[in-house]
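The values are calculated or read from the model by the stated rules, or taken from the named source; none is laboratory data. Predicted model only: the values in this text are computed from it and were never measured. Cβ: placed from backbone, ideal geometry, glycine included. Neighbour counts: every protein chain shown. For the accessible areas, the whole protein counts, side chains as well, though only heavy atoms, and no ligand, DNA or RNA atoms are used. Shrake-Rupley method; radii C 1.70, N 1.55, O 1.52, S 1.80 Å.
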Amino acid sequence: MEEFQVKILTDVTVEPVTLDEVKAFCRIDADFYDDDNTLNMLIVSERERLEKVLNLSFSPKELQVRTYTNEITLPYGPVTTITSIKDSDGGYITDYDSYGLDFPTLVFNPVSNLNFFYPLGGGAPIVDGVNTTTLKDIVYLCGYVDLPKALKNALLTQIDYAYKNIGNPNMESISPIAFKLSYQYSRNPIIQ
């Protein structure tokens, strides 16, 4: 089990869908401006919701992952560039292997695989009261430059669903249709 913290260093600067696209998809008259603030809010919040559920980044952003594990699959792919990997003292870590392209798994200290010590996901090995793994700060760029059409359609469907169900306490957090359109891209084992 991977344990890590994710921090957004540079968030999305341009949303993958525009207000005009949302209005057209939701069949809202282009001259109707009363709900523009709500729709703009939904563009951001529903993108973030789908990104979290799918473990993807719909647009380019810079993330920092902080972990003590010696093996991690970087979240919120596709990963375009690993900018830096530093330890808790600020020194650069170069002793790692990378597997995979768009969603790489980083294995630190590949010669001394610590999974031997805790194969069932227990804590990191302790030697003389000291944790033998180190804190790693991984900074990387990720996200789609051109969002695949199926994901764009899923996002528009999710925004439409949220807009039409504002105030409905019984609505699902993810539209079943948006889920079906996007599950093939998911990086999470989702059961729905």
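The table below lists the values:
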item	result
Inter-probe distance in nm under a simple model that places probes 7 Å from Cα toward Cβ, at Asp97 and Thr73	1.7 nm
The stretch 39-81 residues near the modelled Asp89 label - backbone nitrogen below 17 Å, point 7 Å along Cα→Cβ	none
Among the listed pairs Lys23/Lys164; Lys7/Lys149; Lys52/Lys152; Lys7/Lys164; Lys23/Lys149; Lys61/Lys149, those beyond 22 Å (Cα-Cα)	Lys7/Lys149; Lys7/Lys164
Cβ crowding within 10 Å averaged over residues, with 146-156, 84-94, 48-58 ranked highest first	48-58, 146-156, 84-94
Mean Cβ neighbour count within 10 Å, used as a protection proxy, ranking 162-169, 174-181 highest first	174-181, 162-169
The stretch 1-63 - accessible surface per residue (Å², probe 1.4 Å)	60 Å²
Length added when fully stretched, Phe32-Thr81, from 0.36 nm per residue minus Cα-Cα	13.5 nm
Surface share of carbon and sulfur [accessible, 1.4 angstrom probe, percent] for the stretch 1-90	48 percent
5 angstrom amide H check on Gly77, placed H, neighbours 5+ away	Ser57
